[in-house]
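K.L.:
Mind having a look at this structure? Questions to follow.
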Amino acid sequence: MESLDEIMQRATLAIENMDYLSCEADCLMALGAARAADDWAYYGRVLMPLQEARRQRRMIAAEGTIRLGTSDLDGPITALSDRIASGCIVVTHPFTASDVLQLQQKVRADRRHIEVLYADNAAAANRWTLRGFAGPDVHCLIDAPAKAWIDRWFSPTDIEVAPPPRPSGWFIDATEAIGDLAVSQVDSPLGTPQRVAALESRLAVMTDHEILHQRLWEAARALCTAKVG
């Protein structure tokens, strides 16, 4: 069985080689091992490269193909993983949260730099309900994208020549909105396992939220200090 040091040495090499997806996978493995060992100091160390790998993944995705709304798409939603190599997709009705979870699992298995959100509404709605499709039930209302952006594929070239605001900007703002809400829902005190568990569970809601990673690091550090004290 690999040690934590061996896993993280591989993760470090991966991020140095800009293999962000491999780094993320190894960091998640190490995070689970550190949690199982109650090694909160090591747990906190893993979060920094994990956050960086996910930041890079999101940046690559935001520079790829963008799709906001899926009301006119047929067939299994997982087929979208074969359509683009990188990009951002907001899935809407008639697809369900279960469909979106399958899509995210597929893009990770296929090693695609694709970010996925779920809007639990018809694409024509004036306000969209962003809803987590993994982890706790986190949802928030935001203004819908511009009508000209809905149910269309935008290539990187399309986005580059378009004047701001752009579809990619709307997507990033949406991820921040649901991630901020996920963080705000955690009220367990610092220095407790409950806070670490609550924050980690919300990483499933928005895997790339920077502040969420930072709050989890603070919670792990506080738990480590409490155990030492």
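K.L.:
Output the qualifying pairs, or none if there are none: Cβ atoms under 9 angstrom, residues six or more apart or on different chains, first residue in the range 45-67 and free of Cβ contacts under 8 Å to residues at least 12 places away in the same chain, second residue charged (D, E, K, R) and not in a helix (DSSP H, G or I).
P.N.:
Listed pairs, sorted by first residue: none to list.
K.L.:
I've got another one for you. Of the residues in the range 160-169, how many are farther than 15 Å from Val91 by Cβ, in a helix (DSSP H, G or I) and under 22 Å from the mean Cα position of the chain (by Cα)?
P.N.:
The number of residues fulfilling the criteria is 2.
K.L.:
Further question: State whether the residues of the range 33-49 include one that is surrounded by fewer than 19 Cβ atoms within 10 Å (Cβ to Cβ), outside any strand (DSSP E or B) and under 16 Å from the mean Cα position of the chain (by Cα).
P.N.:
Scanning the range 33-49, I find at least one residue that is surrounded by fewer than 19 Cβ atoms within 10 Å (Cβ to Cβ), outside any strand (DSSP E or B) and under 16 Å from the mean Cα position of the chain (by Cα), so the answer is yes.
K.L.:
For the range 180-192, enumerate the residues that are in a helix (DSSP H, G or I), aliphatic (A, V, I, L, M) and either farther than 15 Å from Leu47 by Cβ or modelled with pLDDT under 95 (or both).
P.N.:
Leu181, Ala182
K.L.:
Are there any pairs with C-beta distances below 6 angstrom linking a residue in the range 126-146 that is closer than 17 Å to Thr96 by Cβ to a residue that is among the acidic types (Asp, Glu), with the two at least 6 apart or on different chains, and if so which?
P.N.:
Close Cβ pairs (under 6 Å, with a partner that is among the acidic types (Asp, Glu)) amount to Thr129/Asp120; Arg131/Asp120.
K.L.:
Only residues that are of a type outside the set (D, E, K, R), under 17 Å from Ile178 (Cβ atoms) and modelled with pLDDT of 95 or more: list them for the range 204-219, please.
P.N.:
Val205, Met206, Thr207, His209, Ile211, Leu212, His213, Gln214, Leu216 - these are the residues of the range 204-219 that are of a type outside the set (D, E, K, R), under 17 Å from Ile178 (Cβ atoms) and modelled with pLDDT of 95 or more.
K.L.:
Filter the range 15-37 down to the residues that are under 14 Å from Gln51 (Cα atoms) and of a type in the set (Gly, Ala, Ser) and list them by number.
P.N.:
Those that are under 14 Å from Gln51 (Cα atoms) and of a type in the set (Gly, Ala, Ser): Ser22, Ala25, Ala30.
K.L.:
Return the residues of the range 129-159 that are of a type outside the set (Asp, Glu) and farther than 20 Å from Phe95 by Cα; say none if nothing qualifies.
P.N.:
Residues satisfying the conditions are Ala146, Ala148, Phe154, Ser155, Pro156, Thr157, Ile159.
K.L.:
Which residue is surrounded by the most Cβ atoms within 10 Å (Cβ to Cβ), if the candidates are limited to the range 1-32 and must be in a helix (DSSP H, G or I) and among the polar types (S, T, N, Q)?
P.N.:
Top of the filtered list is Ser22.
K.L.:
Which of (1) in contact with a Ser or Thr (Cβ under 6 Å, 6 or more places away or on another chain); (2) without any contact (Cβ under 8 Å) to a residue 60 or more places away in the chain; (3) on the phi > 0 side of the Ramachandran plot; (4) not aromatic (Phe, Trp, Tyr) is the odd one out, the single condition Gly75 does not satisfy?
P.N.:
With respect to (1) in contact with a Ser or Thr (Cβ under 6 Å, 6 or more places away or on another chain); (2) without any contact (Cβ under 8 Å) to a residue 60 or more places away in the chain; (3) on the phi > 0 side of the Ramachandran plot; (4) not aromatic (Phe, Trp, Tyr), Gly75 is out only on (1).
K.L.:
Mind listing whichever residues of the range 193-229 are touching a helix residue (DSSP H, G or I) at 6+ places or on another chain (Cβ under 7 Å) and in a loop (DSSP other than H, G, I, E, B)?
P.N.:
Scanning the range 193-229 gives Val205, Met206, Thr207, Asp208, His209.
K.L.:
Residue check: is Thr157 over 15 Å from the mean Cα position of the chain (by Cα), part of a strand (DSSP E or B) and among the hydroxyl-bearing types (Ser, Thr, Tyr)?
P.N.:
no
The values are calculated or read from the model by the stated rules, or taken from the named source; none is laboratory data. All values derive from a computational prediction rather than experimental measurement. In this analysis, Cβ positions are derived from the backbone assuming ideal geometry, glycine residues included, and neighbour counts consider all displayed protein chains.
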